[in-house]
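The values are calculated or read from the model by the stated rules, or taken from the named source; none is laboratory data. Computed from a prediction, not measured in an experiment: that's the story for all the values here. Cβ sites come from the backbone with ideal geometry, for glycine too, and all protein chains shown count toward neighbours.
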């Protein structure tokens with residue numbers, strides 16, 4: 001039987017596994033993306049397609065959270081989830097540069113409304 005490596009047998013193994021199997025494989029692709037992204041024209045059709053796909057994915061996630069919510073979010077009524085979405089959307093329409101304010105505004109409506117509804 002092979003003897004275990006002492007420093008891998010203790011408390012350090014999860015950290016090494018995290019670096020080897022999670023961080024390094026994805027970090028390589030990030031650096032390659034940075035290198036290749038410098039050569040891409042920001043107005044190219046390929047980049048417009050990537051933006052459209054990213055927007056569609058985000059819209060799908062938001063729609064799923066609003067219409068088929070998981071966990072505690074399902075306790076809140078649909079009208080409250082739609083009101084939170086509308087509040088965030090109104091802030092984005094008012095000023096597109098205030099995305100963080102839009103997120104916070106939607107959260108305030110959702111958390112405040114949930115506290116009122118369930119309280």
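Listed values, structure above:
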| read-out | value |
| --- | --- |
| Single unsatisfied condition, residue 73 versus (1) over 30 Å from residue 33 (Cα atoms); (2) surrounded by 12 or more Cβ atoms within 10 Å (Cβ to Cβ); (3) in contact with a helix residue (DSSP H, G or I) (Cβ under 8 Å, 6 or more places away or on another chain); (4) modelled with pLDDT of 95 or more | (4) |
| Members of region 64-78 found to be farther than 14 Å from residue 106 by Cβ and either assigned to a helix (DSSP H, G or I) or under 15 Å from the mean Cα position of the chain (by Cα) (or both), listed by number | 64, 67, 71, 72, 74, 75, 78 |
